[in-house]
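Let me begin by presenting the structure, written as structure tokens, before commenting on it.
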Amino acid sequence: MTAGRGGARTLIVVAKAPVAGTVKTRLCPPCTAAQAAALAGAALEDTLAAVHRARADRRVLVLDGRPGPWVPEGTEVVAQRPGPFAERLDGAWADVLDGQEGPTVQIGMDTPQVTPTLLDEALDRLDDEEAVLGRALDGGWWALGLHRHLPGLNAAVPMSRADTADRQEERLVQLLGTDPGRLSLLRDVDEMTDARAVAASAPETRFAARLSMLGFG
């Protein structure tokens, strides 16, 4: 595969291992902790499957927890640094790129409806733009694309708020001097309303099947 501008095309997934009581707790109730973890596991599998079908040179899972059999072959696994979430995001970029440059897109595990086409589009947009940002319906963001690690990019941004994407965009402009390109708007899975809406929009996913199997579809 041909590398993009300035280096390898890299996809980063920042995620938690699907362990009951530690993931998707906002789904409880109506879910039990075990059911929420099962949904998180399905979402993570869908995300990693999309990553592996995208046109990338590197696929890196930056993981909080222990990897399991759900990690596809060919995935680099890097342990998340400790600390607040914004600092862990900053650390993920530093650890994966390690001073190197290349079109890089980071996503999470909350958008199981993500497709290889969306990921390819994000990477392709970096051929012409310094940064791209995919906003989420709740005011956060689901994807961030850059050519290099920008120290402090995430640490200065409040997370899990209705203005998180706005503040992230402001920080990108401050550091890069240019507006990021806008990617497609997606819906994060946070609460059961989100889970049902995402499953309905992507019925072919593992996530939709798991939601139905658990009786919430």
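The values are calculated or read from the model by the stated rules, or taken from the named source; none is laboratory data. Everything numeric in this text was worked out from a predicted model, so none of it was measured. Counting neighbours? That spans all protein chains shown, and the Cβs are built from the backbone with ideal geometry, glycine included. For accessibility, only protein heavy atoms count, side chains too; no ligands or nucleic acids. Shrake-Rupley method; radii C 1.70, N 1.55, O 1.52, S 1.80 Å.
Quick notes on this one:
- Single residue of Ala155, Ala162, Ala209, Ala195 found to be touching a Gly at 6+ places or on another chain (Cβ under 7 Å) and either under 25 Å from Thr25 (Cβ atoms) or outside any loop (DSSP other than H, G, I, E, B) (or both): Ala162
- Residue check for Pro29: surrounded by fewer than 22 Cβ atoms within 10 Å (Cβ to Cβ) and not in a strand (DSSP E or B): yes
- Filtered by the rule that a residue be aliphatic (A, V, I, L, M), touching a residue at least 24 places away in the same chain (Cβ under 8 Å) and under 26 Å from Ala202 (Cβ atoms), region 65-122 gives Leu89, Ala92, Val105, Ile107, Met109, Val114, Leu118, Leu119, Ala122.
- Restricting region 36-57 to residues that are closer than 14 Å to Arg206 by Cα and not hydrophobic (A, V, I, L, M, F, W, C), the residue that is most open to solvent (accessible area, probe 1.4 Å) is Glu45.
- Residues in region 117-144 that are in contact with a Lys or Arg (Cβ under 6 Å, 6 or more places away or on another chain) and of a type in the set (D, E, K, R): Asp120, Asp127.
- Where Glu170 falls short, out of the listed (1) more than 17 Å from Thr111 (Cβ to Cβ); (2) in contact with a Leu (Cβ under 6 Å, 6 or more places away or on another chain): (2)
- All conditions in (1) open to solvent by less than 40 Å² (accessible area, probe 1.4 Å); (2) hydrophobic (A, V, I, L, M, F, W, C); (3) over 20 Å from Thr104 (Cα atoms) hold for Ala15, with the sole exception of (3).
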